[in-house]
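Visitor: Next up is a structure, given as structure tokens.
The values are calculated or read from the model by the stated rules, or taken from the named source; none is laboratory data. Since we're looking at a predicted model, the values are computed, not measured. Cβ coordinates were reconstructed from backbone atoms using ideal geometry, including for glycine residues, and neighbour counts include every protein chain displayed.
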Amino acid sequence: MTRLVLVHGIAQQHKGPRTLLADWYPGLTDGVILAGAALEERDVTMAFYGDLFRPVGHRGLGEPELDASDVDEGLERDLLLAWWRAAAQMESRVPGPDTAARGRTPYLVQRALDALSHSAFFAGIGERMLISDARQVRRYFTEPDLRRAIQARFLAALTDRTEVVVAHSLGSVVAYEALCAHPQVPDLTLVTLGSPLAVRGLVLDRLLPPPRDGRGRWPAPVRGWTNIADRGDVVALAKDLAPVFGHRVTDVLVHNGARAHDVRPYLTARETGQAIASALRTPAAE
């Protein structure tokens, strides 16, 4: 019986639903316990779509070779530059972009990648992985068949007993769009973690359904929505969703430490546990 559905973000292509659930579940239960509730693993399902981004076999080792010259002129470039600007504002060790709006794409992107290598936020993420991460976001928004396949994975995880959806990063976009497109889904509570949904130009304006007069549509199946963000999360560039999606969104700030976008400190936060526990007040039926 699935009472809670988890939806992951980018860079999970080498994992699987059970592997990822095993990684998320301890943090999830820690947050719920802090809120004075409990959650059994049988009640939780991971809506997994990472394999849809997994590269086909090739002769090289690891990820395909990518460098600044491979970065798409559109969304991939714009994402990397936005992450650079945000990291430079938050961390003194990260050199700023200065006139980042001008210059050839490979040059600007290489500067961005070099600067981000000094960021605590992106510590341990190599150049190829940064490009790959931006590419996954671009592919979601520009490849309709892939977008539908990812949303289908999420919808397949829902049951008539699902009470809560917890969605991280790009997963919040997947859940939002799928719930908007399927108003017949039974009512549930949405909890978004490190969500980029309100980032204008990069995400908000690419949503389906598109925003109207700068305001996003409320997903019909959602009876309550809590959005949780770390002030230093450079992926969730717009921390508050209520100004875009309506006053029914409850925006909450947390502190996740250096790895502000990592899902695990989001899950262990008392605020996340409280949002989940309040939606699971009714005990599961035997």
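Visitor: Can you pull out every residue in segment 247-259 that is assigned to a loop (DSSP other than H, G, I, E, B) and over 19 Å from Tyr25 (Cα atoms)?
Guide: Passing the criteria: His247, Arg248, His255, Gly257, Ala258.
Visitor: Would you be able to tell me the number of residues in segment 165-191 that are closer than 26 Å to Gly232 by Cα, among the β-branched types (Val, Ile, Thr) and touching a Leu at 6+ places or on another chain (Cβ under 7 Å)?
Guide: Of the residues in segment 165-191, 3 are closer than 26 Å to Gly232 by Cα, among the β-branched types (Val, Ile, Thr) and touching a Leu at 6+ places or on another chain (Cβ under 7 Å).
Visitor: Moving to a separate point now. From Arg135, Arg148, which residue is in contact with a helix residue (DSSP H, G or I) (Cβ under 7 Å, 6 or more places away or on another chain) and basic (Lys, Arg)?
Guide: The match here is Arg135.
Visitor: Further question on the same structure: Of everything in segment 202-216 that's basic (Lys, Arg) and surrounded by fewer than 16 Cβ atoms within 10 Å (Cβ to Cβ), which residue is farthest from the chain's Cα centre (by Cα)?
Guide: If we take residues in segment 202-216 being basic (Lys, Arg) and surrounded by fewer than 16 Cβ atoms within 10 Å (Cβ to Cβ), then Arg212 is farthest from the chain's Cα centre (by Cα).
Visitor: In addition: Looking only at residues that are charged (D, E, K, R) and part of a helix (DSSP H, G or I) in segment 131-149, which one is nearest to Val185 (Cα to Cα)?
Guide: Arg148
Visitor: I'd like to know if segment 112-130 contains one or more residues that are surrounded by fewer than 18 Cβ atoms within 10 Å (Cβ to Cβ), hydroxyl-bearing (Ser, Thr, Tyr), outside the structural domain of Ala238 (by TED's automatic domain parsing) and under 23 Å from Gly74 (Cα atoms).
Guide: For segment 112-130, residues surrounded by fewer than 18 Cβ atoms within 10 Å (Cβ to Cβ), hydroxyl-bearing (Ser, Thr, Tyr), outside the structural domain of Ala238 (by TED's automatic domain parsing) and under 23 Å from Gly74 (Cα atoms): present.
Visitor: Moving on to the next point. Could you check how many residues of segment 24-58 are assigned to a helix (DSSP H, G or I), free of Cβ contacts under 8 Å to residues at least 24 places away in the same chain and surrounded by fewer than 19 Cβ atoms within 10 Å (Cβ to Cβ)?
Guide: Here the count works out to 3.
Visitor: For segment 5-23: of the residues being of a type in the set (Gly, Ala, Ser) and part of a loop (DSSP other than H, G, I, E, B), which is farthest from the chain's Cα centre (by Cα)?
Guide: Gly16
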